[in-house]
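Q: The following block contains the structure, expressed as structure tokens.
The values are calculated or read from the model by the stated rules, or taken from the named source; none is laboratory data. Quick caveat, the model's predicted, so the values are computed rather than measured. FYI the Cβ positions are ideal-geometry reconstructions off the backbone, even for glycines, and counts take in every protein chain you see. Surface areas here come from the heavy atoms of the whole protein model, side chains and all, with no ligands, DNA or RNA. Shrake-Rupley method; radii C 1.70, N 1.55, O 1.52, S 1.80 Å.
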Amino acid sequence: MDPRRQPAPGLCLAMTPRTQDPSPDMETRLLWQCSGPTASLQPPPAGVDWARLLQQAHDHGVLPLVAANLLGRHRASLPPAAVADLEQRQAAGAARSEFLAREMLRILIALQEGGIQALPFKGPALAVQAHGNLALRQYDDLDFLVHRRDIERAIAALAKRHYIPVLSLSAEERRELIRLGWGCSLQAPDSAY
């Protein structure tokens, strides 16, 4: 395929609410400083609104990195309540990440047993590739690439694990969406996540 004729990649921009002061607040600056895996983080300034910072980190999907960087580099200079909150959120996020990684492997096995090739992407796969650690990326679902011809078989294989399509579609409607290049979202009603 001619690379000049390929569709442009998607782009998502997250915007913060407009305020009277166009300069970022203390919490936003601190969020920027400690959101990367190799952040050059100065000790947090006095007066940080920790609840606001952690909410922003959660909303932007970088809470695990923020927690790891703050606790790993400046634990002693953080207020005890902030340390406790960061530790609790970090432990909960790590447990969830581990659960989802195990579920990803169970799904891959179920698909493989059904003769279906699948490639996990985003979620735990990206966390390990980007950070070398499942717990340093925030994710809430699992994503797999499956060949279009195998989607119906994949749905059937995952139904044995109690996964059901999110949308109730007729076989004809689902075939049309697949033909158009849409994916299929499944959920496990009895899942802990």
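Q: Considering each of L53, L65 in turn, give the residue that is in contact with a Gly (Cβ under 9 Å, 6 or more places away or on another chain) and either open to solvent by less than 50 Å² (accessible area, probe 1.4 Å) or within 30 Å of A157 (Cα to Cα) (or both).
A: Answer to the selection: L65.
Q: From the list A130, A125, which residue is assigned to a helix (DSSP H, G or I) and open to solvent by less than 40 Å² (accessible area, probe 1.4 Å)?
A: Step by step, each of A130, A125 is checked, and only A125 is assigned to a helix (DSSP H, G or I) and open to solvent by less than 40 Å² (accessible area, probe 1.4 Å).
Q: Among the residues that make up region 149-162, is at least one of them open to solvent by 80 Å² or more (accessible area, probe 1.4 Å) and free of Cβ contacts under 8 Å to residues at least 12 places away in the same chain?
A: Within region 149-162 (the criterion being open to solvent by 80 Å² or more (accessible area, probe 1.4 Å) and free of Cβ contacts under 8 Å to residues at least 12 places away in the same chain), the answer is yes, since at least one residue qualifies.
Q: Which members of region 101-158 meet the condition of being of a type in the set (D, E) and in contact with a Gly (Cβ under 9 Å, 6 or more places away or on another chain)?
A: Hits for region 101-158 are D140, D141, D143, D150.
Q: Does region 30-42 include one or more residues that are in a helix (DSSP H, G or I), among the aromatic types (F, W, Y), open to solvent by 60 Å² or more (accessible area, probe 1.4 Å) and farther than 30 Å from A188 by Cα?
A: Yes, the conditions are met somewhere in region 30-42.
Q: Turning to a different aspect of this structure: Filter region 148-181 down to residues that are assigned to a loop (DSSP other than H, G, I, E, B) and touching a helix residue (DSSP H, G or I) at 6+ places or on another chain (Cβ under 9 Å) and give me whichever is modelled with the lowest pLDDT.
A: Checked region 148-181; the qualifying residue modelled with the lowest pLDDT is G181.
Q: Further, regarding this structure: Here is a list of conditions, (1) closer than 30 Å to A57 by Cβ; (2) outside any helix (DSSP H, G or I); (3) without any contact (Cβ under 8 Å) to a residue 12 or more places away in the chain, and Q138 meets all of them except one; can you say which number that is?
A: Among (1) closer than 30 Å to A57 by Cβ; (2) outside any helix (DSSP H, G or I); (3) without any contact (Cβ under 8 Å) to a residue 12 or more places away in the chain, Q138 violates only (3).
Q: Mind telling me which of the residues G93, G61 ends up being part of a loop (DSSP other than H, G, I, E, B) and either closer than 20 Å to P124 by Cα or at pLDDT 90 or above (or both)?
A: Of the residues listed, the single one that is part of a loop (DSSP other than H, G, I, E, B) and either closer than 20 Å to P124 by Cα or at pLDDT 90 or above (or both) is G61.
Rundown of residues vs (1) in contact with a strand residue (DSSP E or B) (Cβ under 8 Å, 6 or more places away or on another chain); (2) hydrophobic (A, V, I, L, M, F, W, C), yes/no style:
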residue	(1), (2)
R89	no, no
A101	no, yes
N133	no, no
D143	yes, no
H162	no, no
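Q: Answer yes or no: is there a residue in region 106-115 that is touching a residue at least 24 places away in the same chain (Cβ under 8 Å), closer than 22 Å to C184 by Cβ and open to solvent by 60 Å² or more (accessible area, probe 1.4 Å).
A: Checked region 106-115: at least one residue is touching a residue at least 24 places away in the same chain (Cβ under 8 Å), closer than 22 Å to C184 by Cβ and open to solvent by 60 Å² or more (accessible area, probe 1.4 Å).
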